[in-house]
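Below is one structure; the comments refer to it alone.
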Amino acid sequence: MFTGIVQAIGTLLSTSEGPSASRLTVDPGKLDIADVALGDSIAVNGCCLTVVNVMHPARTLAFDVSRETLRCTAGLEQPGPVNLEKALRLADRLGGHLVTGHVDGVGRIVSCDPVGEDDAGSRRLVVAVDDALARFIAPKGSVAVHGVSLTVNDVRRAEFEANLIPHTLAVTTLGRLAAGDRVNIEVDLMARYAARLLETDRS
């Protein structure tokens, strides 16, 4: 489990093809990896991946990713900046919301524009998602975008809106987003279970 509070911006250095999986090599940036071991889970752009190699002193991490994972996620297929979060410990603060790291789908950035003088430095993020995911997203609810926990401000059909404050823009990759970019989406776990319960009651 994760919280959606990004701990560092890393860099996906390479994606090399293997017989059944791709090997991702990541520079963890300022992420403390002193306690990271083989088999640990780390969210990379919101996708929970298993550490298969920790390289010292180069300070790089390696993950094996299946073709299916690459097919249904975004931001793992080519080098570039990535959001990183180590798995939640029971004693940690839950600053965002409960995030599993299991990407539900890929959204498309409609816009990421400055809010205006009343909220200087902030941006209004608008994301389009499939209808199947839109039903799980509600105003004032939570959603993870590229692994970042965000509060939903508004929902219009299959689009939702969230406010990105200057701190979020500074410590995540969301400030680099532009219209047309693809992002990993994970809907609120509680919303998914609530919808399932309603479906069961109606059947």
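Of all residues in the range 1-27, those being in contact with a Gly (Cβ under 8 Å, 6 or more places away or on another chain) and of a type in the set (S, T, N, Q) number 2.
Take the residues in the range 159-188 that are among the aliphatic types (A, V, I, L, M) and surrounded by fewer than 17 Cβ atoms within 10 Å (Cβ to Cβ); name whichever of them is nearest to A134 (Cα to Cα). Steps first, please.
In the first step, residues of the range 159-188 are kept if they are among the aliphatic types (A, V, I, L, M); the result is 162, 164-165, 169-171, 174, 177-179, 183, 185, 187.
The next check asks that each one be surrounded by fewer than 17 Cβ atoms within 10 Å (Cβ to Cβ); those that pass are 165, 170, 178-179.
Working: I165: 23, A170: 28, A178: 21, A179: 19 Å.
Selected residue: A179.
Among the criteria (1) within 18 Å of the chain's Cα centre (by Cα); (2) part of a loop (DSSP other than H, G, I, E, B), the one V126 does not fulfil is (2).
Taking the conditions (1) under 17 Å from the mean Cα position of the chain (by Cα); (2) in contact (Cβ under 8 Å) with a residue 40 or more places away in the chain; (3) surrounded by fewer than 20 Cβ atoms within 10 Å (Cβ to Cβ) in turn, T69 satisfies each one other than (2).
Listed here are the residues, each with its yes/no results for (1) modelled with pLDDT under 95; (2) assigned by TED's automatic domain parsing to the domain that holds R23.
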| residue | (1), (2) |
| --- | --- |
| P81 | no, yes |
| P114 | yes, no |
| V126 | no, no |
| R135 | yes, no |
| G141 | yes, no |
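Against the numbered list (1) touching a His at 6+ places or on another chain (Cβ under 9 Å); (2) in contact (Cβ under 8 Å) with a residue 60 or more places away in the chain, C48 comes up short only at (2).
Is it fair to say F63 is among the aromatic types (F, W, Y) and over 25 Å from L94 (Cα atoms)? Taking the combined requirement at face value, the residue satisfies it.
Out of the residues in the range 1-50 that are of a type in the set (S, T, N, Q) and part of a strand (DSSP E or B), which is farthest from the chain's Cα centre (by Cα)? Break it down stepwise before answering.
Within the range 1-50, the first condition is being of a type in the set (S, T, N, Q), and the residues that meet it are 3, 7, 11, 14-16, 20, 22, 25, 41, 45, 50.
Checking which are part of a strand (DSSP E or B) leaves us with 11, 14-16, 22, 25, 41, 50.
On the way: T11: 15, S14: 19, T15: 19, S16: 22, S22: 19, T25: 18, S41: 14, T50: 15 Å.
The extreme case among them is S16.
Listed here are the strands (runs of 3 or more DSSP E) enclosed by the range 135-203 that have at least 1 residues being touching a residue at least 60 places away in the same chain (Cβ under 8 Å) and under 17 Å from G75 (Cβ atoms): 142-145, 148-156, 182-187.
Do we find that E68 is outside the structural domain of P19 (by TED's automatic domain parsing) and among the acidic types (D, E) in this structure? Explain how you work it out, then say what you get.
Details: outside the structural domain of P19 (by TED's automatic domain parsing): no; among the acidic types (D, E): yes.
Here the answer is no, as E68 does not meet what is asked.
Residues in the range 94-134 that are charged (D, E, K, R) and free of Cβ contacts under 8 Å to residues at least 12 places away in the same chain were compared, and the one that is surrounded by the most Cβ atoms within 10 Å (Cβ to Cβ) is D113.
Only one of L61, L76 is modelled with pLDDT of 90 or more, aliphatic (A, V, I, L, M), surrounded by 14 or more Cβ atoms within 10 Å (Cβ to Cβ) and not in a loop (DSSP other than H, G, I, E, B). Can you tell me which?
Among L61, L76, only L61 is modelled with pLDDT of 90 or more, aliphatic (A, V, I, L, M), surrounded by 14 or more Cβ atoms within 10 Å (Cβ to Cβ) and not in a loop (DSSP other than H, G, I, E, B).
The values are calculated or read from the model by the stated rules, or taken from the named source; none is laboratory data. Predicted, not measured: the structure shown is a model, and the values here were computed from it. Heads up, the Cβs are rebuilt from the backbone with ideal geometry, glycines too, and the neighbour counts pull from every protein chain shown.
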